[in-house]
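The values are calculated or read from the model by the stated rules, or taken from the named source; none is laboratory data. Bear in mind that the values here come from a model prediction, so they are computed numbers and not experimental data. Cβ sites come from the backbone with ideal geometry, for glycine too, and all protein chains shown count toward neighbours.
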């Protein structure tokens with residue numbers, strides 16, 4: 001494992017190094033790149049990879065080009081990958097949390113093709129005061145234009161529009177090996193697919209879940225294509241990884257259920273003592 005690896009075994013790089021070698025010539029897509037930090041990160045850890053970086057917001061895209069200018073293997077595109085070709089309304093986020101440095105742009109990371117729903121309730125400092133028109137393209141058409149027949153890894157963070165991107169993948173989705181994505185358990189954006197929807201979609205297309213850090217609000221999931229993983233690591237590693245993730249999910253669900261039951265119990269006891277519960 002590379003000396004650059006972080007200590008967190010659940011970090012995407014740790015998981016990728018468990019599958020790929022550092023010098024592999026990978027094809028990596030960074031979809032919803034914001035300022036390009038993830039692209040730089042993957043470029044440094046996989047120096048022989050070719051990266052395709054997508055960011056539709058003009059101000060963010062300028063930062064992507066500026067920040068990745070010295071990385072010859074990063075190719076930035078001002079496109080919103082989606083399930084249709086053309087243009088679409090994009091909801092641009094802004095704002096700064098109270099007490100945070102105004103020189104750091106905290107608010108530019110939540111823009112989406114979808115309109116906000118509960119996001120401004122969970123993050124009260126966040127604003128959506130601007131709408132712009134952006135170019136959209138389906139993933140399969142982009143890959144055809146660039147003669148890309150296989151994608152080794154996708155890092156996608158498009159604020160609730162993840163399945164819109166994969167709906168536009170068409171047959172190329174069968175040539176994607178690994179995916180890291182942000183997933184929500186509450187409707188931060190109007191009409192967005194939630195965790196059960198995402199999992200159903202991914203399982204139906206031959207992926208299995210290696211990692212899930214969702215916490216009741218949001219989190220990240222790491223998927224690998226079952227056939228690819230078995231070919232790469234073997235059946236024993238696949239079953240071990242699958243059972244490990246499955247068990248972790250069951251334990252998390254049990255703890256969450258137990259917490260809710262305990263919270264409800266103590267809430268009822270307090271109400272009884274106050275004479276507010278019949």
Being modelled with pLDDT under 95 and either under 16 Å from residue 154 (Cβ atoms) or within 17 Å of the chain's Cα centre (by Cα) (or both) narrows 49, 14, 33 down to just 14
Are any of the residues in segment 122-140 within 25 Å of residue 191 (Cα to Cα), free of Cβ contacts under 8 Å to residues at least 24 places away in the same chain and loosely packed, with under 14 Cβ neighbours inside 10 Å?
-> yes
Boolean, residue 200 is farther than 22 Å from residue 89 by Cα, surrounded by fewer than 17 Cβ atoms within 10 Å (Cβ to Cβ) and in the same structural domain as residue 112 (by TED's automatic domain parsing):
yes
Among (1) surrounded by 21 or more Cβ atoms within 10 Å (Cβ to Cβ); (2) part of a loop (DSSP other than H, G, I, E, B), residue 177 falls short only on (2)
So, first residue at negative phi in segment 199-219, second residue at pLDDT 90 or above and loosely packed, with under 14 Cβ neighbours inside 10 Å, Cβ within less than 9 Å, six or more apart or across chains; the pairs are 205/174; 209/203
Restricted to segment 53-77 and to residues being out of contact with any helix residue (DSSP H, G or I) (no Cβ under 8 Å at 6 or more places or on another chain) and surrounded by 23 or more Cβ atoms within 10 Å (Cβ to Cβ), the residue farthest from residue 13 (Cα to Cα) is 56
